[in-house]
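Notes to accompany the following structure.
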Amino acid sequence: VLVHVKGDLNIPDNQMNLPVHMLGLFVTGPTVELFKELAPTQAMLEAPNAASITPIQRFAAWALTSAQSKPFQPAMDLVSELQKQYPTMKMRGQNSHAMFSGLTEGAVSESSLELNIKGKKRSVLVLEPPGSNIEAFIVYVTLPCYIPISLQKPALEAIAKYLCARFKAKMFVLYEDSFDIIPQIKSVEDWGHEMSSVIEALPFQGKFVFVDNSMSRTIPSIWKLESRLSACVIINPCAWFNDEFYGSPAHKGLVQAINAVMQHYVDRNLDECVKSVGNVFVSQSTGDMDRAVSLYKEAMKVASENWWILQVISPSHLQDFSPFCKSLPKLGEVPVVLLCGSFAPPVLVRETASRFAGIMPNAGISYIQDSNMWFEVEGEIPIKSVA
């Protein structure tokens, strides 16, 4: 529409996004042509948003993996054409390890805790520093897009090494086998009740830091647990759409596309499932994508029944969550960090973060460097960003 009416393409939103930053990137439709029209100059191609991502960086990262986790040649051709047209154009950000100089590793031990809730066993991963002088507790809920717990463990252990010894903190990690997914959890409200029951069964009292990496599934628990929260971190909140988008043909198309992907999880077709990796993973090279695909396939082979069921019921979240969020009251003064992948889809993730910030008075938005929605697998910088 902006192109058709000759609108101003240089006006940013409150997250410094130009219209080209917000362009939906799809291998079907006129994405490549629209990108060229929305960013006709080098200055626009190199304009950073609040996450320090430029349109050309976002487009090039998408081009490398968007054709079922393989390069999308029409987009790759445009990237090459633009590089020739603008030889000085920067294609990569200048992330520095110096900003993480305050992070130092400490020793942690790993154990498994078995809870019995209403006669059913729940498993919890526990990470803690040596000794018994624990002064703080972290409850880390990890139900991210597609990733089984076995693929997340190295990142979780790294985060624990950065945090647990320094703050004398014990971390309880709640994952797919910590919940009674079948048949209890059917709605957003059910997730809230389930989350509360598991946390109440954990062997500690008092306040804690709550980390939600659940694609927003367990965010309703924040209101239920508010009196016990000392702080909250929400990683890649998603699926709170605006009224114009929710229920629109574009929204219905998104739900339809996700349902098509989920059919591969119903069939447990690993070769088809790995083709979705390119939608959630920032790849620095084709070899990097091959590594992620290989790791993912091996992780799915050992994933639990609960994990497979969780993937199948995920599309319902895209339809149920927006109406539910509109009924949420304002949160109190709990400090909240809304942490988004710098390459995460803007409509799905970054706009959701902005809406939650509107009802969380003590919230701020930060970004995971070099990350889409799979920071656990994307390398050292994304993991350090989360820590």
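Summary of computed values
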{"quantity": "Under-5 Å amide H pairs with Phe137, H placed in peptide plane, nonlocal only", "calculated": "Lys170, Val209"}
{"quantity": "Carbon and sulfur %, accessible surface of region 157-275 computed with the full protein complex present, 1.4 Å", "calculated": "52 percent"}
{"quantity": "FRET efficiency estimate (nearest 0.05) - Cβ-Cβ, Gln42 to Glu244, R0 35 angstrom", "calculated": "0.65"}
{"quantity": "Two-decimal log10 I(q)/I(0) for region 281-384, as the Debye equation yields it once each C-alpha is a single scatterer, q = 0.13, 0.14, 0.20, 0.24 Å⁻¹", "calculated": "-0.66, -0.75, -1.17, -1.24"}
{"quantity": "In Hz, Karplus ³J(HN,Hα) per residue of region 233-245 (6.51, -1.76, 1.60; θ = phi - 60°; x = Gly, Pro)", "calculated": "10, 10, 9, 6, x, 8, 6, 9, 8, 6, 5, 5, 7"}
{"quantity": "Among Asp177, Asp243, Asp290, residue whose mean-square fluctuation peaks in a GNM of the chain (springs only between Cα atoms under 10 Å)", "calculated": "Asp243"}
{"quantity": "Lysines with Cα under 26 Å of Lys326, excluding same-chain neighbours fewer than 8 positions away", "calculated": "Lys186, Lys224, Lys252"}
{"quantity": "GluC sites (Glu not before Pro) lying in DSSP loop within region 210-297, provided at most 16 other Cβ fall within 10 Å", "calculated": "Glu244"}
{"quantity": "Cβ-Cβ FRET estimate between Glu305 and Ala67, R0 fixed at 35 Å, reported to 0.05", "calculated": "0.65"}
{"quantity": "Sequence-distant residues sharing a close amide H with Asp370 (under 5 Å, placed H)", "calculated": "Ser342"}
{"quantity": "Percent of beta bridges antiparallel (DSSP, the chain, rounded to nearest 5)", "calculated": "30 percent"}
{"quantity": "Selection from Val274, Gly379, Ala257 lying farthest towards where the dipole of the chain points positive, charges on Cβ", "calculated": "Gly379"}
{"quantity": "Point-to-point label distance, Asn133-Asn362, nm (Cα→Cβ direction, 7 Å offset)", "calculated": "2.8 nm"}
{"quantity": "Within region 296-361, trypsin sites (Lys or Arg not before Pro) in DSSP loop having at most 15 other beta-carbon neighbours inside 10 Å", "calculated": "Lys326, Lys330"}
{"quantity": "Total charge dipole magnitude, region 265-356, about the Cα centre, Cβ charges on Lys, Arg, Asp, Glu only, Debye to nearest 20", "calculated": "260 debye"}
{"quantity": "Lysines with Cα under 16 Å of Lys90, excluding same-chain neighbours fewer than 8 positions away", "calculated": "none"}
{"quantity": "Charge dipole (region 49-145, unit charges on Cβ, about Cα centre) - positive-most of Phe100, Gln68, Met89", "calculated": "Gln68"}
{"quantity": "Listed peptides 121-132, 48-59 by packing density, highest first (mean Cβ within 10 Å)", "calculated": "48-59, 121-132"}
{"quantity": "Option label - Kirkwood radius over Cα pairs in Å computed here, alternatives [x] 21.8; [y] 20.9; [z] 22.5", "calculated": "[x]"}
{"quantity": "For the chain, built as a Gaussian network whose Cα springs stay under 10 Å, the top-fluctuating residue of Gln205, Gln311, Gln15", "calculated": "Gln205"}
{"quantity": "All-pairs alpha carbon distance profile, region 217-356, 10 Å steps from 0, percent", "calculated": "10, 33, 36, 19, 3"}
{"quantity": "Net dipole in debye of region 222-304 [+1 Lys, Arg Cβ; -1 Asp, Glu Cβ; about Cα centre; nearest 20]", "calculated": "260 debye"}
{"quantity": "Dipole moment magnitude, nearest 20 debye, the chain about Cα centre, only Lys, Arg, Asp, Glu C-beta charged", "calculated": "300 debye"}
{"quantity": "Farthest positive-ward along region 170-246 dipole, Cα basis, beta-carbon charges - from Asn236, Phe208, Phe179", "calculated": "Phe208"}
{"quantity": "Inter-centroid distance (Cα atoms) of region 298-333 relative to region 203-237, Å", "calculated": "15 Å"}
{"quantity": "From phi via Karplus (6.51, -1.76, 1.60), per-residue ³J(HN,Hα) for region 135-146 in Hz, x at Gly/Pro", "calculated": "10, 8, 10, 10, 10, 10, 8, 10, 9, x, 4, 6"}
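The values are calculated or read from the model by the stated rules, or taken from the named source; none is laboratory data. Not measured: the values here are computed from a predicted model. So basically every Cβ, Gly included, is an ideal-geometry build from the backbone, and we count neighbours across all protein chains shown. When the accessible area is computed, the model is the full protein with side chains, heavy atoms only, and any ligands, DNA or RNA have been set aside. Shrake-Rupley method; radii C 1.70, N 1.55, O 1.52, S 1.80 Å.
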